[in-house]
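This report concerns only the one structure given below.
The values are calculated or read from the model by the stated rules, or taken from the named source; none is laboratory data. Note that the structure is predicted; figures quoted are calculated from it, not measured. No Cβ is skipped: glycine too gets one built from the backbone with ideal geometry, and neighbour counts run over all protein chains shown.
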Amino acid sequence: MNNERNICLALDTALDACSVGLAVWDGETRREASRSVVIGRGHAERLMDEIAALLEEEQLGYQDLTRLAVTVGPGSFTGLRVGLATARALALALDVPLIGASTLFALGLTARRRGHHGPLAALIDARRDQIYGEIFNLPEIAPTLESLEVAAARSAQDFASLCVAHRGLAMIGSGAALVRESAFGLENCEVFSPAHPDMAALAVWALDQSAPETAPSPLYLRAPDAKPQAASVIARLS
């Protein structure tokens, strides 16, 4: 990290929580702050208020931001688009770089912030008997996470089978309990809370990332739940 002032605002609306975080590097010291409220729905109506409240608490303005970070999914199809659209608009208006990270990666950063090192399963309840998940290794010294099992949508049983192969594995996320209950050998597995990512952790990570060449795009691990109704489709004229 260089000696220039660097301030990152991070956003997450991919899950049930509406979360924002700040990391401020003044050239010598770093401070962090975050806000999060579990709302289920209504992220679009709440997000800007949460950003404004956090900036006011830290006595900062939009003009002070030097970069933005946002989770890109997996998660709620509607929710993650709210965060992405807001982050893109702010980055364009402020002319600052925008760094994207998967929700699973952000959960991994949160577990490391809680003091975990070693294998970690980041698991999100995707409903419809599926889990969004990825297994990471959290090195004690390295600044990033190593992916051991790529992100995918699987059954809880399938993820449990993958998890038992990693000694000392911990879990985080809304799908952790479902996976832990799906196989013998995981009953003593540590589960970190909360079930949503800590945006201060993502903001700190993003401070050291290079500006991407392209804008972040949504990460979907399965097709949308909503399907068009056949009865409402208008027949195409020949």
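Key figures for this structure:
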item: For Arg5: the one exception among (1) surrounded by fewer than 16 Cβ atoms within 10 Å (Cβ to Cβ); (2) in contact (Cβ under 8 Å) with a residue 24 or more places away in the chain; (3) within 27 Å of Leu219 (Cβ to Cβ); (4) not acidic (Asp, Glu); result: (3)
item: Matching option when the condition is outside the structural domain of Val24 (by TED's automatic domain parsing), at pLDDT below 95 and surrounded by 15 or more Cβ atoms within 10 Å (Cβ to Cβ), among Ala226, Ala183, Ala230, Ala151; result: Ala183
item: Residue match in the stretch 53-60 (condition: touching a residue at least 12 places away in the same chain (Cβ under 8 Å), within 20 Å of the chain's Cα centre (by Cα) and closer than 23 Å to Leu104 by Cα); result: no
item: Single condition Leu15 does not satisfy, out of (1) part of a loop (DSSP other than H, G, I, E, B); (2) free of Cβ contacts under 8 Å to residues at least 12 places away in the same chain; result: (2)
item: Of all residues in the stretch 10-30 being among the aliphatic types (A, V, I, L, M) and over 12 Å from the mean Cα position of the chain (by Cα), the one that is surrounded by the fewest Cβ atoms within 10 Å (Cβ to Cβ); result: Val24
item: Residue match in the stretch 191-209 (condition: farther than 26 Å from Ser36 by Cα, modelled with pLDDT under 95 and not aliphatic (A, V, I, L, M)); result: no
item: Selection count, the stretch 37-93, where residues are within 18 Å of Ala206 (Cβ to Cβ) and either assigned to a strand (DSSP E or B) or outside the structural domain of Ala10 (by TED's automatic domain parsing) (or both); result: 5
item: Single match in Phe184, Phe192 (criterion: aromatic (Phe, Trp, Tyr) and without any contact (Cβ under 8 Å) to a residue 60 or more places away in the chain); result: Phe184
item: Selection within the stretch 131-155 - more than 20 Å from the chain's Cα centre (by Cα) and not β-branched (Val, Ile, Thr); result: Glu140, Ser155
item: Total residues in the stretch 51-80, condition in contact with a Pro (Cβ under 7 Å, 6 or more places away or on another chain) and at pLDDT 95 or above; result: 5
item: Check on Pro212, touching a helix residue (DSSP H, G or I) at 6+ places or on another chain (Cβ under 8 Å) and either surrounded by fewer than 20 Cβ atoms within 10 Å (Cβ to Cβ) or at pLDDT below 90 (or both); result: no
item: Residue satisfying all of: in the stretch 102-117; surrounded by fewer than 24 Cβ atoms within 10 Å (Cβ to Cβ) and out of contact with any strand residue (DSSP E or B) (no Cβ under 6 Å at 6 or more places or on another chain); farthest from Ala69 (Cα to Cα) among these; result: Gly115
item: Tally of residues being among the aliphatic types (A, V, I, L, M) and farther than 16 Å from Ile172 by Cα across the stretch 127-141; result: 1
item: Residues located in the stretch 18-49, provided they are among the hydroxyl-bearing types (Ser, Thr, Tyr) and in contact (Cβ under 8 Å) with a residue 24 or more places away in the chain; result: Ser19, Ser34, Ser36
item: Qualifying residues in the stretch 61-97 (those that are touching a residue at least 60 places away in the same chain (Cβ under 8 Å) and of a type in the set (Val, Ile, Thr)) - the one surrounded by the most Cβ atoms within 10 Å (Cβ to Cβ); result: Thr71
